[in-house]
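Report on one structure; see the data block that follows.
The values are calculated or read from the model by the stated rules, or taken from the named source; none is laboratory data. From a predicted model like this one, the values you see are computed outputs, not experimental measurements. As a convention, Cβ positions derive from the backbone with ideal geometry for all residues, glycine included, and neighbour counts pool all protein chains shown. Quick note on the areas: whole protein, heavy atoms, side chains included, nothing else; ligands and nucleic acids left out. Shrake-Rupley method; radii C 1.70, N 1.55, O 1.52, S 1.80 Å.
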Amino acid sequence: FHDSSVIPDGAEISSYLFRDTPKRYFFVVEEDNTPLAVTVTPCDAPLEWKLSVQELPEEASGEGSEPLEQQKQQITNEEGTELFSYKGNDVEYFVSSSSPSGLYQLDLLSTEKDTHFKVYATTTPESDQPYPELPYDPRIDVTSLGRTTVTLAWKPSPTASLLKQPIQYCIVINKEHNFKSLCAVEAKLSSDDAFMMAPKPGLDFSPFDFAHFGFPLDNNSGKERGFLKPSAKFGRQTSSKPRVDLHKVCIGNKNIFTVSDLKPDTQYYFDMFAINTDTNMSTAYVGTFARTKEEAKQKTVELKDGKVTDVFIKRKGAKFLRFAPVSSHQKVTFSVHSCLDAVQIQVRRDGKLLLSQNVEGVRQFQLRGKAKAKYLIRLKGSKKGASVLKILATTRPNKQSFPSLPEDTRIKAFDKLRTCSSVTVAWLGTQERNKFCIYKREVDDNYNDEQKKREQNQCLGPDTRKKSEKVLCKYFHSQNIQKAVTTETIRGLQPGKSYLLDVYVIGHGGQSVKYQSKLVKTRKFC
C-alpha cells in the first residue's frame, strides 16, 4: 500500500478506502503551463473523486518533501479551485496540456463499501504512456460460437503494433458481468467479503490484515503477478473462495483466441485487458457477452421387451434409452454387457431415480415394477475412449440373454506344463451350465499390450473368428462354485512361437462374452 499522502510523479500507486471515510492526496506542479494527467482506477466499488488546485505560497519550494508537508499544513482546511470530479466505477482520467503551478489535491470517497483503488499522476504524459493505448475500435468480436467454445478476436493495441512495446493480452471469463479494470478482476478473485473483517481506521495494521484486502504481501508479490505468464488452462491465479466462478487466461500477444470447456446454453461475459509487461499497467477493451449454443437434443432409443440392443457411446458422451412395458409387471430386469471400459447406468421410473451404478463386464439389475410405468435409462461413456455395450430389458424373470460369468475372467497358463508344441490353460466357470469355446491365433514376438487392448472388445463373438483358429467347444458347470474350474491342453503348436488364446462363454440366448485374452509362448528347445 502507498501510505504517504504525497503522490509521486510518474508512478502508479495502490491504496485503500474505508467506507464513508474520505482520503486526500497531494502533489505539486512547480511551473505554469505544465502538462498534467491524473488517472483513477476503482477496483471493486464505485468511487467519488475530485481534483482541485490551490496556489502555492510565495516562499514555497518543491525541493524535498518537508516544504510540501509545511504547505499542506497551511492550506489543508482551505478549499481550492475544483478542476474535475467524477462518480462511478469507470477508469476515469483528467488530462490537461497546460496546467497552472500549484498544490493539487485529490479527494476520494467510497460510500458503498471498504475498497481499494489505483492512482497515477504525471507531468510528462506524452513521454510516459505507461498504459497501453486502445485501437480505434476497442471492441471484442465474437467470431464463432459453439456449444462449449467461443472464439474471440480484437484489434491490436497501437502500443504493441506501432511503438513495439511489450504487450500481453489477458482474457477474463465469468457468468455475472463485465469488468471495467483488471484490478476489479483481481479484487474479485482475491476476496469478496473479506473487507468486513478488515481493521477500522486508527487501528494498527499487521501484514495478516493486509491479506484481507486481496492485495499481495511483499514476499508474495512475485506470485501475484503470475497472470502475466501465459496459462495453458483456465485457473484461478490466487488462492481464494471457490465460489467465485471467474477465470483469467493470458495468451501473449495473439489477437484471436478460442475459449473452450464452457457449458452449453449459458451466458458468459468476456473482458480483454492489454498489459504493458514493463510497467505492469493495463487498459481494458470494451467487454462483450455471448450465449453458448444449446446441447443437441438427444434421440431416445426405444427398448423392446426381451431383445438385446447394441449401443455405441462417444468418449465422455451419453445415450438415452426408453423402456415402456406393454403388460403389467411385478419386476423389470436390466442386463448390461459393457464390452470395453466401465460405463455408468442410471434408471429412472416415471422421473424417480431407482438405480445409478458403474458397470464392467456383465451385470444384471432387478427392479420392482409398477403398472403403466415408463423407464428412462441414461448410459454415460468412459473418459478414456468410446464405449460399446449391449443392453436387454425384460419383464419376464426367466428371460436371461447374457451368460453368467465368474468374478475372475482371466485365463491361467501353467508354465511348467509348456512344451514345444503345446500349452495347458485353465479358467473358471459358474454354477450354470454353459458352452465354452476356445480359440488360438499365432502372433508376432513383438505383440504388445497396446495391440492386446484393441482386441479386448468382449462383445465380439466366435462368429468373428476364422474356423481354422477354433480349438474346441465344451460344456461344463459345477454346483460347488469352488470346483467350477476346467483345464485344457492345446496341441499342434509350433516351437518358440507366441499365441493369443481366447475363451468365449455362450449363453442360452446365443449371446457370448469373451474372457480376457491370454498371450502364451511355446518352448523353443525341448
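What about Leu162, is it among the hydrophobic types (A, V, I, L, M, F, W, C), modelled with pLDDT under 90 and open to solvent by 10 Å² or more (accessible area, probe 1.4 Å)? Yes.
Taken over segment 263-287, residues that are of a type in the set (Ser, Thr, Tyr) and open to solvent by less than 30 Å² (accessible area, probe 1.4 Å) amount to 4.
Just one of the listed residues (Lys316, Lys304) is within 25 Å of Val505 (Cβ to Cβ) and outside any strand (DSSP E or B), namely Lys304.
Just name the residue that is nearest to Cys170 (Cα to Cα) out of those in segment 294-309 that are open to solvent by 20 Å² or more (accessible area, probe 1.4 Å) and touching a strand residue (DSSP E or B) at 6+ places or on another chain (Cβ under 6 Å). Checked segment 294-309; the qualifying residue nearest to Cys170 (Cα to Cα) is Gln298.
Conditions (1) among the hydroxyl-bearing types (Ser, Thr, Tyr); (2) over 16 Å from Arg396 (Cβ atoms); (3) at pLDDT 90 or above, marked per residue:
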position: Ser282; (1), (2), (3): yes, yes, yes
position: Lys293; (1), (2), (3): no, yes, yes
position: Phe323; (1), (2), (3): no, no, yes
position: Ser328; (1), (2), (3): yes, no, no
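Note on segment 469-526: enclosed strands (runs of 3 or more DSSP E) holding 2 or more residues that are of a type outside the set (A, V, I, L, M, F, W, C) and under 12 Å from Tyr439 (Cβ atoms) are 498-506, 512-514. Evaluating Lys113 against the criteria (1) assigned to a loop (DSSP other than H, G, I, E, B); (2) under 25 Å from Gln168 (Cβ atoms) leaves one unmet condition, (2). Screening the candidates Lys299, Lys304, Lys316, Lys241 for the property of being at pLDDT below 90, more than 22 Å from the chain's Cα centre (by Cα) and not hydroxyl-bearing (Ser, Thr, Tyr) yields one hit, Lys299.
This table checks each residue for (1) farther than 22 Å from Asp310 by Cα; (2) open to solvent by 30 Å² or more (accessible area, probe 1.4 Å); (3) free of Cβ contacts under 8 Å to residues at least 60 places away in the same chain.
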| site | (1), (2), (3) |
| --- | --- |
| Tyr475 | yes, yes, yes |
| Gln482 | yes, yes, yes |
| Glu488 | yes, yes, no |
| Arg491 | yes, yes, no |
| Gly509 | no, yes, no |
| Lys514 | no, no, yes |
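Within segment 37-55, the set of residues being charged (D, E, K, R), in contact (Cβ under 8 Å) with a residue 60 or more places away in the chain and either surrounded by 19 or more Cβ atoms within 10 Å (Cβ to Cβ) or within 23 Å of Thr124 (Cβ to Cβ) (or both) comprises just one member, Asp44. Report whether or not Glu112 is under 20 Å from Arg19 (Cα atoms) and either modelled with pLDDT of 90 or more or not aliphatic (A, V, I, L, M) (or both). So Glu112 passes the test. The set of residues from segment 121-138 being surrounded by 15 or more Cβ atoms within 10 Å (Cβ to Cβ) and either part of a loop (DSSP other than H, G, I, E, B) or charged (D, E, K, R) (or both) comprises Thr123, Asp128, Gln129, Pro130, Tyr131, Pro132, Glu133, Leu134, Pro135, Pro138.
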